[in-house]
Amino acid sequence: MDKLTTMKTFVSVVQEGSFSKAADKLDISPQLVSKYVSALEEGLATRLLHRTTRKVSTTEAGDHYFTRCLQVLDDIDDMENSLDNLNENVSGVLSISAPMSFGVKHLAPLLVEFQKRYPNLKLDLNLTDQFVDIVEQGIDIALRIGVLKSSSLIAKKIAPIRLAVFASPSYLAQHGTPTSLEGLQSHNYLRYAHTEPTKKLRGANELKNELKLESNLVANNGDLLLNAAIAGGGIAMQPTFIAGEALAQGKVVRILKDYEPEPIGLYMVYANRQFLPSKVRAFVDFASNYYTDTPYWDLGE
């Protein structure tokens, strides 16, 4: 039995979480998937998967073998792609994960230009604001925003991300414009659910009392909060890649500039491998030069 086929089948079972889903992905029967995995375990004399009626999970040996399988399969793809050095021979499927709002607003032009340079490379994009384990889920590259924690992954910064505090002219005309952090506490704050960046406002740690903001709207999407601010719902703080156009058009007004948090970053994150697949290397090289220290969304204000 072909070892590569059994390895690919095992990887699909782990990534999909079940034999039936792996079968659908590979377009083969669940019985054949089970046969391949069983043959792999027999050949290794090691159980790789825990099987229950509800789910499939890796054993300790299976988890280690899964990581090594990903490396081997990527190395094989890279070996095949590197037979020729021409751009058109960078092929296969590149899987990318990216934050929802950034992906919708700013990623499409980059991807289109990238595919013009590498026409034989297909892209599989997943937009989500949830944390993605790129090794476990078989993702080639993840775009992440924030201050990244130390890990075994490679993180390459490709753009600064600036946060702005803003409100609509009508809201400020009705409720007044705060000029200090203490003054901000008397306003309605439109809060982003996943993080609380107000703790990072400059000077927040110097206040005698903790900065507490009233919020009648909490949402997990920055575009919605921007639209709520435009409609006069309160004061929001969002990245300028979300609010830049509205700021440039005067739909919202930037306030408390002296208290804005330090810029964070937009990063490409990918697995730390000795031999990086050519498709990943191509995207890293291309995206590294696409944005600048002053991205285009910060030029209009």
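Counting only protein chain heavy atoms and rolling a 1.4 Å probe, the accessible areas of ARG117, ARG191, ARG54 rank, largest first, as ARG54, ARG117, ARG191. Summary value for the stretch 21-158: 19 percent relative contact order, contacts being C-alpha pairs under 8 angstrom separated by 6+ residues. A full extension of the chain between ASN289 and ILE28 corresponds to an added length of 89.8 nm, given 0.36 nm per residue minus the alpha carbon distance. Each residue was assigned an accessible area with a 1.4 Å probe, and for LYS212 the value is about 140 Å².
Would you please give the FRET efficiency between LYS21 and LYS257, computed as 1/(1 + (r/R0)^6) with r the Cβ-Cβ distance and R0 = 51 Å, to the nearest 0.05? The pair LYS21/LYS257 has a calculated efficiency of 0.55. Considering only VAL90, TYR65, GLN115, the residue lying farthest towards the positive end of the dipole of the chain is TYR65, judged by Cα position with unit charges set on Cβ. Shape descriptor for the stretch 37-171: Rg over Rh equals 1.07 (Cα atoms; Rh from the Kirkwood inverse mean 1/r). Among ILE264, ILE235, the order of accessible area from largest down is ILE264, ILE235, computed with a 1.4 Å probe on protein heavy atoms.
A simple charge model with +1 on the Cβ of Lys and Arg, -1 on the Cβ of Asp and Glu and nothing else charged puts the dipole of the stretch 22-137 at about 460 debye relative to its Cα centre.
Placing unit charges on the Cβ atoms only, positive for Lys and Arg and negative for Asp and Glu, gives the stretch 207-260 a dipole magnitude near 120 debye about its Cα centre. Here is the P(r) of the stretch 218-272: all C-alpha pair distances, binned every 5 Å from 0, give 4, 16, 25, 22, 16, 7, 5, 3, 2, 0 in whole percents. When the chain is described by a simple charge dipole with +1 on each Lys and Arg Cβ and -1 on each Asp and Glu Cβ, the residue from LEU299, PHE241, PHE10 located farthest towards its positive end is PHE241.
Gain on full extension, evaluated as 0.36 nm per residue between GLU245 and THR179 minus their Cα-Cα distance, stands at 21.4 nm. Distance between the pseudo-spin-label points of LEU299 and VAL147 (7 Å out from Cα toward the beta carbon): 3.0 nm.
For the stretch 112-254, what does the convex hull of the Cα positions come to per residue, in cubic angstrom?
Numbers: hull volume 21.7 nm³, N = 143.
Dividing the Cα hull volume of the stretch 112-254 by its residue count gives 151 Å³.
Listed by chain and number, the lysines whose C-alpha is less than 16 Å from the C-alpha of LYS8, apart from same-chain residues fewer than 8 away, are LYS21, LYS25, LYS35. In terms of Cα atoms, the Rg and Dmax of the chain work out to 23.8, 74 Å. Between LYS116 and ARG202, the C-beta separation translates, for a Förster distance of 41 Å, into a calculated FRET efficiency of about 0.45. Computed about the Cα centre, the dipole magnitude for the chain is approximately 480 debye when only Lys and Arg (+1) and Asp and Glu (-1) carry charge, each at its Cβ.
Computed with a 1.4 Å probe over protein heavy atoms only, the accessible area of ARG144 comes to about 50 Å².
The count of lysine pairs in the stretch 90-249 that are at least 8 places apart or cross chains, and whose C-alpha atoms lie under 28 Å apart, stands at 23. The figure for ASP27 is an accessible area of roughly 130 square angstrom, using a 1.4 Å probe on the protein chains alone.
The values are calculated or read from the model by the stated rules, or taken from the named source; none is laboratory data. Please read these numbers as outputs of a predicted model, since none were measured by experiment. Cβ coordinates were reconstructed from backbone atoms using ideal geometry, including for glycine residues, and neighbour counts include every protein chain displayed. Accessible surface is based on the protein model in full, side chains and every heavy atom, while ligands, DNA and RNA are left aside. Shrake-Rupley method; radii C 1.70, N 1.55, O 1.52, S 1.80 Å.
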